[in-house]
Amino acid sequence: MTSHSTHGKDSIAHSQQYANMVSRLPITFQPFIRQELRDWPKLFSCERTNVENMLSYLNSLDGIQFGRTFARVRAAESAMGVASWNLSTDSQTIQNTAKLARSSHYEEWRGAVDEVFRTIQDKLPVKAGFAPAANVHRLVLILFPGHLPMDRANIWKEWTGTGREVALTRSREESSSSCSDVILGADANGMLQLLQSYAHKPGYDTEQLWFIDAASFDRLLPDCSYLSYLDLRALREMFLDKQNWVQDDLNDADAMIQSLRSVDIESLCPLALKGKLAAREFVREVFLSGNGATVYGNSFVEWSASEGIRRARPDVLIARFGLRNKPKPLMSVAVLENQQKVYALPDIEDPTGSALDSQILANYIWRAANRYDEYSNALCICVSDALSSAYIVAPEGHALLEEPAPIEVLRLHELLVDWLA
């Protein structure tokens, strides 16, 4: 069993190797590349491979080819007047983003940037020997616990046309266990056999298996990338306290972000993140990027899953939604106030609202995965324990597309074990 580790000297080596080339990039490209190089030890293996392949390709271009690659971006920057903006070229900032977004030429610039990345991606298999591992069997498993009161008539409406809905059945021996537990292979010792068997594969890396949880799991997990909203409470509260001091000025917001990026958070992180620099820094960025991740557990699950897919491309991703509290009157969502500290009113759970959130956000996770070639061969299963129902999206020819319904949950577990083997 292995886990990804990096060293600061790697970042220095890469900065020196590519320094001259980076200085030749368009102004708006430089902050992204320099930040990636500076944060090299904090990146996941997949990110480092992608960035290194991209830089290697760009570094191999002659002057004419390099100029052609960025011609449209430079033209857009010229039309915007970027040279006079005094942008940060060291890191991506809110001020940089705001100036770009306010420009009447923003769409032109955005299209030119996207074209550059598409061009590089198309060239990478030839220039850098890189090809997406589309043939790897991947799994996205999304769980709705039994306390989420799903509406049978609407639960799968976000998924219509992408796969098939199936009823799930359990044997008498399994009747006391949830569908989720049986699918995960929970045994009498609290082990999750589906995950344990995957984690014992030769060459296993903890970045390949992610479990993102709105609650805190009471089963024995293998060493993996486990992120629990509840277990991260101390870190969330520290972020909320600092974010509440932000005023209307973008300088203030950038200063706050810089402060939160530099503070040592290891002591505030749960045991599952000890010694895992990339995963710990990932959580920091999730909380900094917003989307309600510091306030709502289900937002944390969706955003962490989507960002985890984008950045780490895990082979197995499990996302478990949960209950959230009702927003309190006059709560300022814009500044993400800590409801428990600011308002004396008691917390009230919102099962119905949590269920509605979950069924929408779950589909967002699958849409996020669909953006990447690596997940063209992925199996996605969304399970509702309350309804003993699942929605299955599978690659063409997969056995689950033809499996007679209802499906025994133990049979589903066995098919998943085979799929990941």
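The values are calculated or read from the model by the stated rules, or taken from the named source; none is laboratory data. Everything quoted here is computed from the prediction, not taken from an experiment. For neighbour counting, all protein chains shown are included, and Cβ atoms are generated from backbone atoms with ideal geometry for every residue, glycine included.
Table: residues versus (1) of a type in the set (A, V, I, L, M); (2) out of contact with any Pro (no Cβ under 9 Å at 6 or more places or on another chain); (3) modelled with pLDDT of 95 or more; (4) under 25 Å from ARG170 (Cβ atoms).
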site: ALA186; (1), (2), (3), (4): yes, yes, no, yes
site: ASN189; (1), (2), (3), (4): no, yes, no, yes
site: HIS200; (1), (2), (3), (4): no, no, no, no
site: GLY203; (1), (2), (3), (4): no, yes, no, no
site: GLN208; (1), (2), (3), (4): no, no, yes, no
site: ASP218; (1), (2), (3), (4): no, yes, no, yes
site: LEU221; (1), (2), (3), (4): yes, yes, no, yes
site: SER225; (1), (2), (3), (4): no, no, yes, no
site: TYR229; (1), (2), (3), (4): no, yes, yes, no
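Of all residues in region 409-421, those that are under 13 Å from SER197 (Cα atoms) and among the aromatic types (Phe, Trp, Tyr) have Cβ atoms under 7 Å from Cβ atoms of residues that are buried (at least 18 other Cβ atoms within 10 Å of the Cβ) and modelled with pLDDT of 95 or more, 6 or more apart or on another chain, in TRP419/LEU139; TRP419/LEU379.
Taken over region 30-66, the criterion of being within 30 Å of LYS276 (Cβ to Cβ) and in a loop (DSSP other than H, G, I, E, B) is satisfied by ASP39, LEU43, PHE44. The residue that is nearest to TRP366 (Cα to Cα), counting only those in region 137-165 that are in contact with a helix residue (DSSP H, G or I) (Cβ under 9 Å, 6 or more places away or on another chain) and polar (S, T, N, Q), is THR162.
If you filter region 362-405 down to residues that are aromatic (Phe, Trp, Tyr) and buried (at least 21 other Cβ atoms within 10 Å of the Cβ), you find that the one that is nearest to SER304 (Cα to Cα) is TRP366.
Close contacts from region 159-186, counting a first residue that is free of Cβ contacts under 8 Å to residues at least 60 places away in the same chain and a second that is polar (S, T, N, Q), with Cβ to Cβ under 8 Å and a gap of 6+ residues or different chains, come to ALA186/SER177; ALA186/GLN193. You will find that of PRO314, PRO351, the residue that is in contact with a Gly (Cβ under 7 Å, 6 or more places away or on another chain) and at pLDDT 90 or above is PRO314 and no other. Tell me, yes or no, whether region 410-419 has at least one residue that is exposed (fewer than 15 other Cβ atoms within 10 Å of the Cβ), within 23 Å of TYR204 (Cα to Cα) and touching a Leu at 6+ places or on another chain (Cβ under 8 Å). The answer is yes; a qualifying residue exists.
With respect to being crowded, with 17+ Cβ neighbours inside 10 Å and either modelled with pLDDT of 90 or more or closer than 30 Å to ALA199 by Cβ (or both), LEU58 fits the description. Evaluate region 293-302: report whether one residue or more is at pLDDT below 95 and hydrophobic (A, V, I, L, M, F, W, C). Yes: region 293-302 contains one or more residues that are at pLDDT below 95 and hydrophobic (A, V, I, L, M, F, W, C).
Scanning region 75-93 for residues that are in contact with an Asp or Glu (Cβ under 8 Å, 6 or more places away or on another chain) and either outside any helix (DSSP H, G or I) or loosely packed, with under 15 Cβ neighbours inside 10 Å (or both) gives ALA79, ALA83, THR93.
Checking each residue in region 159-175 for being over 15 Å from ILE381 (Cβ atoms) and at pLDDT 95 or above picks out only THR169. Scanning region 183-221 for residues that are among the hydrophobic types (A, V, I, L, M, F, W, C), outside any helix (DSSP H, G or I) and either touching an Asp or Glu at 6+ places or on another chain (Cβ under 9 Å) or surrounded by 16 or more Cβ atoms within 10 Å (Cβ to Cβ) (or both) yields ALA186, MET191, LEU192, LEU209, TRP210, PHE211, ILE212, ALA214, ALA215, PHE217, LEU221. Checked against the criterion of being closer than 29 Å to ILE212 by Cβ, among the aliphatic types (A, V, I, L, M), modelled with pLDDT of 95 or more and surrounded by 15 or more Cβ atoms within 10 Å (Cβ to Cβ), region 120-140 has at least one qualifying residue.
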